[in-house]
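K.L.:
Okay, here's the structure, questions in a sec.
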Amino acid sequence: MHIQQATYVLSAPDLEICPADERPEVCFAGRSNVGKSSVINALTRRKKLAHTSNSPGKTRSLNYYIIDDSWHLVDMPGYGYAKVSKKEQARWGKEMKRYLENREQLELVVVLLDIRHKPSSLDEEFIFWLGEHRIPFCILQNKTDKVSKNSAQKKYKELTALLNSFNIEVPVFQGSAGQPESMDDLLHFILDFVDPES
Ligand SMILES: Nc1nc2c(ncn2[C@@H]2O[C@H](COP(=O)(O)OP(=O)(O)O)[C@@H](O)[C@H]2O)c(=O)[nH]1
Ligand SMILES: [Mg+2]
């Protein structure tokens, strides 16, 4: 099970500009610079499909990609970028929540967490909010190339304990963008969501 075709479609600054067709979609969320664009490139085996950068906070729109003509993959603007004003961040937060709550095509949110760091209060709030609103999601602890196997196991346990304390039960994956095959489980999980028959 691999992705054959992946093409950029459009950049939507708000919900009204998202594609009108009924293809299911999966969006990638997390704080800015966590590695969303890199994961998208890894899953689609493209080097430059999604724009990756060392200067975070640049993606201010929902970037849409069409996958194998059958579903949309969405790169969400990252939250928590310090150089964006509080007012602008609040505006974006509202717009993104409006998207997540109302977008009927949305089948799954993939939340990225950098495995090296404890989830920030923004991460925790976001995860709790998704749970509260019953939005289907899973978590990817990424950048596993930066930690030992032991440490990765420990971080997995810490995260599942945190999720338990929120009464949230969702799949937790681990992987690193430099090793696309490390994300095969995540890819299969996603493909099951967008096309249960495949
Ligand atoms: N070591 C390592 N670095 C990564 C990984 N994924 C992303 N990065 C780096 O993290 C930075 C931010 O990545 P990017 O994909 O642009 O993050 P985004 O802002 O969430 O889209 C870039 O410098 C990437 O090269 C990974 O799996 N391992
Ligand atoms: Mg990005």
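The values are calculated or read from the model by the stated rules, or taken from the named source; none is laboratory data. Note that the structure is a prediction, hence the values are computed from the model and not measured. Using ideal geometry, Cβ is built from the backbone for each residue, glycine included, and neighbour counts are taken over all protein chains shown. Note: areas computed on protein heavy atoms with side chains; ligands, DNA, RNA excluded. Shrake-Rupley method; radii C 1.70, N 1.55, O 1.52, S 1.80 Å.
K.L.:
Tell me the residue from 74, 84 that is within 15 Å of ligand 1 (Cβ to nearest atom), of a type outside the set (Ser, Thr, Tyr) and farther than 22 Å from residue 8 by Cα, please.
P.N.:
Exactly one of 74, 84 is within 15 Å of ligand 1 (Cβ to nearest atom), of a type outside the set (Ser, Thr, Tyr) and farther than 22 Å from residue 8 by Cα, namely 84.
K.L.:
Considering only the range 133-142, I want to know if a residue exists there that is more than 15 Å from the chain's Cα centre (by Cα), more than 16 Å from ligand 2 (Cβ to nearest atom), part of a helix (DSSP H, G or I) and of a type outside the set (Phe, Trp, Tyr).
P.N.:
no
K.L.:
Just one of 169, 124 is modelled with pLDDT of 95 or more, over 20 Å from residue 25 (Cβ atoms), more than 16 Å from ligand 1 (Cβ to nearest atom) and outside any helix (DSSP H, G or I); which is it?
P.N.:
The conditions single out 169.
K.L.:
Would you pick out the residues in the range 79-102 that are open to solvent by less than 30 Å² (accessible area, probe 1.4 Å) and assigned to a loop (DSSP other than H, G, I, E, B)?
P.N.:
Scanning the range 79-102 gives a single hit, 84.
K.L.:
Working only within the range 171-198, note down all residues that are of a type in the set (A, V, I, L, M) and either open to solvent by 60 Å² or more (accessible area, probe 1.4 Å) or over 23 Å from residue 33 (Cα atoms) (or both).
P.N.:
Scanning the range 171-198 gives 191, 194.
K.L.:
Next question. Hey, among 25, 16, which residue is modelled with pLDDT under 95, charged (D, E, K, R) and away from ligand 1 (no atom under 13 Å from the Cβ)?
P.N.:
Exactly one residue qualifies, and that residue is 16.
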